[in-house]
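Chemist: Before I ask anything, let me first share the structure, which is written out below as structure tokens.
The values are calculated or read from the model by the stated rules, or taken from the named source; none is laboratory data. None of the values given here were measured: they were computed from a predicted structure. Because the Cβ atoms are built from the backbone with ideal geometry, glycine has one as well, and the counts that use them run over all protein chains shown. Just so you know, the surface numbers come from the protein's heavy atoms only, side chains and all, with ligands and any DNA or RNA stripped out. Shrake-Rupley method; radii C 1.70, N 1.55, O 1.52, S 1.80 Å.
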Amino acid sequence: MRICLFFLAAGALLAQHSYTPSDVQDGGKLFRSNCVECHGVDGNLVSGIDLAHGKFRRASTDEELISVIRNGIPGTPMPPGNFTEFQAGTIVAYLRSLASVGSGSGIAGDPAQGKVLFEGTGKCLTCHRVGSTGSRLGPDLTAIGSQRRPAMLEKSILDPNAEILPQNRFYRVVTSDGKTVTGRLLNRDTFSVQLLDSNERIRSFMIANLREHGFVDKSPMPSYANKLTPQQVADVVAYLETLKGIAAQ
Ligand code: HEC
Ligand code: HEC
């Protein structure tokens, strides 16, 4: 009996403390493929529930959250999930990481400085578009301020690989003569693939002529963790927050 209790306690400790950064990323993947249809990327689409802020109504400890994720909430649309305790734990670790990024920097950003950086030394427009300026290679950021929370924006800038939405993944083809082209996937059918390449040219390939083709898991966006100061990151995030879909100039 005592031994059992010991193992239970050890299990509980493990559940709380032993997630590596890559486990947390896996948790993010599980979250994006199983939860966002109802909860949204930012965890706030179900009214009254905010998964990304570490404040829960029905559960507070990691164990309680794991149990909600595995068993669902009977009598509500929250379904039981077919996850191991460890998998559910990685999702919880991921949700906790979202909450901690939000309070992480705590620096007030200056949107005007952020805009200067975004358009100037940050070179963000070489891949992104805001209103009618910039490139179409990366996601259009014209309305990003109404789509993502500051914590997610900060994370996209510091750690682009942690959060790649399915529609934002890049596609890579290798032609039969060995040329590699990577870009945004515009269209793919049984016979052909169309990409927007890094020069914003539309390229079309017959699948029969390709040596390989498929999605790229790594983000083409560089991390700015060592390029921008925390203040500069806060400024850029503050600027992105002002982008609500109205064409900015
Ligand atoms: C079919 C829609 C749906 C899916 C899919 C879904 N949820 Fe939920 N979830 C809900 C709803 C609705 C509630 C609110 C239930 C209530 O309390 O009325 C909820 C509640 C929760 C709660 C409790 C929140 C609190 O404040 O206590 C957690 C945690 C949660 N969901 C996590 C997840 C995770 C993680 C996933 C993916 C593994 C997921 N949900 C998938 C609809 C869904
Ligand atoms: C080399 C091209 C490139 C540069 C330069 C670049 N990005 Fe990105 N960015 C991308 C791509 C591609 C994605 C989509 C894949 C991903 O999420 O990482 C992306 C994603 C993002 C997202 C997430 C979008 C979403 O829908 O959630 C934000 C926010 C962002 N970038 C902001 C910036 C900012 C701010 C800068 C400048 C400091 C910048 N990017 C510079 C290519 C780039």
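Chemist: Amide H of L228: which non-local residues (sequence gap of 5 or more, or other chain) have their own amide H closer than 5 Å, using H built in the peptide plane?
Modeler: none
Chemist: At A225 and R188, where each label point lies 7 Å from the Cα along Cα→Cβ, what is the point-to-point distance in nanometres?
Modeler: Between A225 and R188, the label points sit 2.8 nm apart.
Chemist: Under a plain spin-label model, where a point goes 7 Å from the Cα along Cα-to-Cβ, how far apart in nm are T20 and S198?
Modeler: In this crude label model, T20 to S198 measures out at 3.0 nm.
Chemist: How high is the relative contact order of the range 91-249, in percent, with contacts defined as C-alpha pairs under 8 Å that are six or more residues apart?
Modeler: 36 percent
Chemist: Based on the Cβ-Cβ distance of I107 and N82, what FRET efficiency does E = 1/(1 + (r/R0)^6) give at R0 = 51 Å, to the nearest 0.05?
Modeler: Efficiency, from the Cβ-Cβ distance: 0.80.
Chemist: Here's something else I'd like to know. Of S135, S33, which has the most accessible area with a 1.4 Å probe, and how do the rest follow in descending order?
Modeler: In descending accessible area the options line up as S33, S135.
Chemist: On to the next question. Full extension from K218 to T175: what is 0.36 nm times the residue separation minus their Cα-Cα distance, to one decimal in nm?
Modeler: Result: 13.4 nm gained on full extension.
Chemist: Among G48, G138, G28, whose mean-square fluctuation peaks in a Gaussian network model of the chain (Cα, cutoff 10 Å)?
Modeler: Sorting by GNM fluctuation, first place goes to G48.
Chemist: Give the Cα extents of the chain along the principal axes, in whole Å, largest first.
Modeler: Principal extents (largest minus smallest coordinate, Cα): 67, 49, 36 Å.
Chemist: Rolling a 1.4 angstrom probe over the protein heavy atoms, how many square angstrom per residue are accessible across the chain?
Modeler: Counting only protein heavy atoms, the per-residue value for the chain is 58 Å².
Chemist: Give me D for the range 60-154 in µm² s⁻¹, whole number, from Stokes-Einstein with Rh from the Kirkwood sum over alpha-carbon pairs, 20 °C and 1.002 mPa s.
Modeler: 130 µm²/s
Chemist: Moving on. Compare L186, L125, L137 in a GNM of the chain, Cα atoms joined below 10 Å, and give the one with the largest fluctuation.
Modeler: Maximum fluctuation in the GNM of the chain, among the listed residues, is at L186.
Chemist: How many nm separate the modelled label positions at V116 and L165, each set 7 Å beyond the Cα in the direction of the Cβ?
Modeler: Modelled inter-label distance: 3.0 nm.
Chemist: Please build a GNM for the chain, connecting alpha carbons under 10 Å apart, and tell me which residue among H53, H213, H39 fluctuates the most.
Modeler: H213
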